[in-house]
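Following: one structure in structure tokens, then a few remarks.
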Amino acid sequence: MELVIENLKKKFDKKEVLKGINFTFEKGKIYGLLGRNGAGKTTLFNCINEDLEIDDGSFYLNDNGKREIKAEDIGYVVSTPNVPEFLTGREFLKFFIDINKERINDLKTIDEYLDYIKIDKEDSKKLLKDYSHGMKNKMQMLINIISRPNILLLDEPLTSLDVVVAEEMKDMLKKIKKDHIIIFSTHIMELALDLCDEIVILNKGVLEKIDKENLDNEHYKNKIIDALKEE
Amino acid sequence: MLDTFKIAFKLKTTYKVNAIIFSLKRIPLIKKIVPDDWYNDVNIKTLGNVFNIFREIGTLFIGKIIYLFFMFMITSLFFENEEANYILHIFIFSTFIGTIYKNYLFESSNDNYYGVILMRMNAKEYGISNYIYYILRTFIGFMPLTIIGAILLNIPLYIGLLLPLFVVLSKITMMGINIVYANKTNKYEPLFNGVPSIVATVILCILAIVLPLFNIKISNNLFLIILFILTLTSIYSIKKIFEFKDYLKIYKTTLKNVNDFDKFNNEAVLRENTQKQIEYKVKYDSNKNGYAYFHDLFVKRHRKVLTKAVNIQSLILLGILVLAILLVVFVPESHDEINRVPLKYLPYFVFIMYYLNRGTVLTQSLFINCDHSMLTYRFFRRPSVILGLFKERLKTLIKLNLEPALIIAVGLPIILYLTGGTSNNLNYIVLFVSIISMSIFFSIHYLVMYYLLQPYNANTELKSGTYKIVQALTYLVCYYMIQIQVPTLIYGVCTIIFSVVYSIISLILVYKLAPKTFKIRN
């Protein structure tokens, strides 16, 4: 399965942020999306998630034939975690499972899911508004991966987590990557190199894959930075 | 020091001009005309600076004019026709009170936050230079006013000339006291703060008003002596003010509540207040499933603003109804008057139903405490989820609004009947049904508008101009309904038909369009 983006364009007022994105993302890989501040990474995600109307171009799934992307195909983890504050973690999970039962293949119990992201029983009965940033982030991630959407968009999901949680999340992503197309935006070069199978940079409104060829990490890093510096 | 002051003043001017441009850019229609590069436009900035200078000059006098006017009014209140005799006495004590509350350095302001904390300007130079500016402004601002006042009240001119000096010397002395206090205690707060400031104020007020009642007042000569003492204390204070080093600590203490700048923004306050509506008790659980479960918990955890508020509304209405019934039963003379209310004033009830409606409260809480975060999940925007929840929400809103509506709908026919009835029995039914249909109409109207126009952006700002226009129109239409003069029967039947047709059309629209329109605005 592939996510194909063709000539995607988006501008705000007069400013062209995305100037014709052409790219094919494949299933089974984690793509590290790098770009300088304001390069348009979040805009790209918002376009794919249909939060923003695009000005031109198209994107679709290629799954033995072209097909439209439906809401259930996409999981989008935004950088500031959004959770319904009036529910407890457990209740949020129950609601999600309730309405997605038939879409979830290997349905587990609520406790199993909570164990999976290491949220203990006591905490699962607290209102989400009292969760720490990291815990909210874990809940958001969990909700987005339970139903196994084909595409996972992760907008700097690990940046604000403590080292232990970040490591847990990384392991989780590695475990699930074979079933998904994962695009992971980050500012942390080491994280991108460590976790991602491909590095893609967004610069001057276009996407470009940086091939590793047979470079060692240090040279590869320099190559990426040079590409990002290009004006 | 002069450089520091100049920079601080420029900074203040710049951000004030920017703030004006920013607020212009938030007004619909006008924002289209205001280009982004206004922030960089030299001419606009010059215009802003000129405006700012006028404002500096204006504020130099306006506050003081109001202050002196009030002082004169108070003096008049106690000592009518003898104002000239006592106003100096009151002015002196009032100035002392002023030194407690208005003494620049310990006041928290955005200017100080930007200058000292954000821009890291030299706190001592910033503090002293701005204090000098403040003292000069006070002196210059008072001078013409006290002279004019002295002439008008026939007080010796030298008093009028010396009063501004008296004000600034009092302020400087108080400042000196505060600085010495800060140095001694390391507290970096003014000496009179909290309870002590209130006690001091009360004592000074009593001295200002009560002493003259016993014919004791500060005479012109005593005033001169006080002025002389204040001159000595001020010289000492100025020395202390210049010697003092820890201005930064003062700023950090007074500004600790200001640095959360989010608090200055309306949306943030609204968000915070709405989030506080969430009430969590274990017993507010739900045994439902799916959308019903999700929504049930939402309603239960927002009882305060939803069910409880509606119950109070209904109780009040019920009370009014009972009173009306008692009046009708025990005061038969009132029958003629009251008999006309249900039939003649039915149009007014559109307006009443408009005010009783919980639609605005519900949609606001829904957005801030629920949809604002849930809409970032793509599954939440599946048509089935949007419509499933829409149904649950509509049921709730209709139910909430029906509770007070039922009391009115049942109450009006009862009162009509008790006061002598009507020539056409159909009126009873029309009254009942039209009130109920108005209530349902408003419920559907608000929720449909919310789903079709979802007006908020991620910062919970109201972004949709159309939504604001529809809101205003709703109000205007309701208001206009009051003016309509048609027989109740026709009016009632029209209301019912309109409500039913409107509801059907808007529900069809929601089912067709909401999956596209119900998302966070940009």
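The values are calculated or read from the model by the stated rules, or taken from the named source; none is laboratory data. The structure displayed is predicted, hence computed values, not measured ones. Virtual Cβ from ideal backbone geometry, glycine too; neighbours counted across all protein chains shown. Just so you know, the surface numbers come from the protein's heavy atoms only, side chains and all, with ligands and any DNA or RNA stripped out. Shrake-Rupley method; radii C 1.70, N 1.55, O 1.52, S 1.80 Å.
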Subject >> Lone qualifier among B:201, B:231 - being closer than 24 Å to residue B:144 by Cα and either in the same structural domain as residue B:90 (by TED's automatic domain parsing) or without any contact (Cβ under 8 Å) to a residue 40 or more places away in the chain (or both) >> reply: B:231
Original post:
Which of (1) touching a helix residue (DSSP H, G or I) at 6+ places or on another chain (Cβ under 9 Å); (2) at pLDDT below 90 does residue B:81 not meet, given it meets every other one?
Top reply: (1)
**OP:** Go through (1) surrounded by 16 or more Cβ atoms within 10 Å (Cβ to Cβ); (2) assigned to a strand (DSSP E or B) and name the single condition residue A:24 misses.
**Re:** (1)
Original post:
Among the listed residues B:450, B:467, B:475, which satisfies the condition of being closer than 21 Å to residue B:393 by Cα, hydroxyl-bearing (Ser, Thr, Tyr) and touching a residue at least 24 places away in the same chain (Cβ under 8 Å)?
Top reply: B:450
Original post:
Within the stretch A:126-164, how many residues are buried (at least 20 other Cβ atoms within 10 Å of the Cβ), away from every other protein chain (no Cβ under 14 Å) and assigned to a helix (DSSP H, G or I)?
Top reply: 2
Original post:
Is it true that residue A:12 is within 14 Å of another protein chain (Cβ to nearest Cβ), under 16 Å from residue A:202 (Cβ atoms) and hydrophobic (A, V, I, L, M, F, W, C)?
Top reply: yes
Subject >> Top-ranked residue of the stretch A:89-98 - restricted to ones that are at the interface with chain B (Cβ under 8 Å from one of its Cβ atoms) and open to solvent by less than 20 Å² (accessible area, probe 1.4 Å), ranked as nearest to the chain's Cα centre (by Cα) >> reply: A:96
**OP:** Please find, among B:6, B:45, B:16, the residue that is open to solvent by 100 Å² or more (accessible area, probe 1.4 Å), of a type outside the set (S, T, N, Q), in the same structural domain as residue B:168 (by TED's automatic domain parsing) and free of Cβ contacts under 8 Å to residues at least 60 places away in the same chain.
**Re:** B:6
Original post:
If you take the residues of the stretch A:99-125 that are open to solvent by 30 Å² or more (accessible area, probe 1.4 Å) and within 12 Å of chain B (Cβ to nearest Cβ), which of them is modelled with the highest pLDDT?
Top reply: A:125
Subject >> Of all residues making up the stretch B:301-317, the number that are open to solvent by less than 80 Å² (accessible area, probe 1.4 Å), of a type outside the set (S, T, N, Q) and more than 9 Å from chain A (Cβ to nearest Cβ) >> reply: 6
Original post:
Just one of B:380, B:349, B:330, B:298 is more than 9 Å from chain A (Cβ to nearest Cβ) and open to solvent by less than 40 Å² (accessible area, probe 1.4 Å); which is it?
Top reply: B:349
**OP:** Can you confirm whether the stretch B:78-86 contains a residue that is part of a helix (DSSP H, G or I), open to solvent by 40 Å² or more (accessible area, probe 1.4 Å) and not aliphatic (A, V, I, L, M)?
**Re:** yes
**OP:** State whether one or more residues within the stretch A:45-52 are open to solvent by less than 60 Å² (accessible area, probe 1.4 Å), of a type outside the set (Phe, Trp, Tyr) and more than 19 Å from residue B:520 (Cα to Cα).
**Re:** no
**OP:** Report yes if residue B:76 is touching a helix residue (DSSP H, G or I) at 6+ places or on another chain (Cβ under 7 Å) and of a type in the set (Gly, Ala, Ser), otherwise no.
**Re:** yes
Original post:
Do you know which residues across the stretch B:109-128 are open to solvent by less than 50 Å² (accessible area, probe 1.4 Å) and under 13 Å from residue B:7 (Cβ atoms)?
Top reply: B:111, B:115, B:116, B:121, B:126
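The rows are residues; the columns are (1) part of a loop (DSSP other than H, G, I, E, B); (2) at pLDDT below 85; (3) away from chain A (no Cβ under 14 Å); (4) open to solvent by 50 Å² or more (accessible area, probe 1.4 Å).
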| residue | (1), (2), (3), (4) |
| --- | --- |
| B:460 | yes, yes, no, no |
| B:478 | no, yes, yes, no |
| B:497 | no, no, yes, yes |
| B:510 | no, no, yes, no |
| B:515 | no, yes, no, no |
**OP:** Considering (1) open to solvent by less than 80 Å² (accessible area, probe 1.4 Å); (2) at negative phi, say which one residue A:205 fails and leave the rest.
**Re:** (2)
**OP:** Determine which single condition residue A:73 fails, assuming it passes every other condition in (1) of a type in the set (D, E, K, R); (2) more than 7 Å from chain B (Cβ to nearest Cβ); (3) open to solvent by 30 Å² or more (accessible area, probe 1.4 Å).
**Re:** (3)
Subject >> Only one of A:178, A:170 that is part of a helix (DSSP H, G or I), modelled with pLDDT of 90 or more and either surrounded by fewer than 20 Cβ atoms within 10 Å (Cβ to Cβ) or under 11 Å from the mean Cα position of the chain (by Cα) (or both) >> reply: A:178
Subject >> Leading residue by the ranking (nearest to the other protein chains (Cβ to nearest Cβ)) among those in the stretch B:277-293 that are in contact (Cβ under 8 Å) with a residue 40 or more places away in the chain and more than 33 Å from the chain's Cα centre (by Cα) >> reply: B:290
Original post:
Any idea which residue in the stretch A:53-70 is most open to solvent (accessible area, probe 1.4 Å), counting only those that are assigned to a loop (DSSP other than H, G, I, E, B) and either at the interface with chain B (Cβ under 10 Å from one of its Cβ atoms) or farther than 25 Å from residue A:148 by Cβ (or both)?
Top reply: A:53
Original post:
Out of curiosity, is residue B:374 assigned by TED's automatic domain parsing to the domain that holds residue B:396, open to solvent by less than 80 Å² (accessible area, probe 1.4 Å) and over 26 Å from the mean Cα position of the chain (by Cα)?
Top reply: yes
Subject >> Residues within the stretch B:171-199 that are surrounded by fewer than 16 Cβ atoms within 10 Å (Cβ to Cβ) and either small (Gly, Ala, Ser) or in contact with a Cys (Cβ under 8 Å, 6 or more places away or on another chain) (or both), tallied >> reply: 2
**OP:** Among the candidates B:366, B:387, single out the residue that is under 30 Å from residue A:153 (Cβ atoms), open to solvent by 10 Å² or more (accessible area, probe 1.4 Å) and within 14 Å of another protein chain (Cβ to nearest Cβ).
**Re:** B:387
**OP:** Check off (1) in contact with a helix residue (DSSP H, G or I) (Cβ under 6 Å, 6 or more places away or on another chain); (2) surrounded by 14 or more Cβ atoms within 10 Å (Cβ to Cβ); (3) within 30 Å of residue B:171 (Cα to Cα) for residue B:92 and give me the number that stays unchecked.
**Re:** (1)
Subject >> Selected residue [over 39 Å from the mean Cα position of the chain (by Cα), at pLDDT 90 or above, under 30 Å from residue B:86 (Cβ atoms) and part of a helix (DSSP H, G or I)] from B:229, B:218, B:203 >> reply: B:229
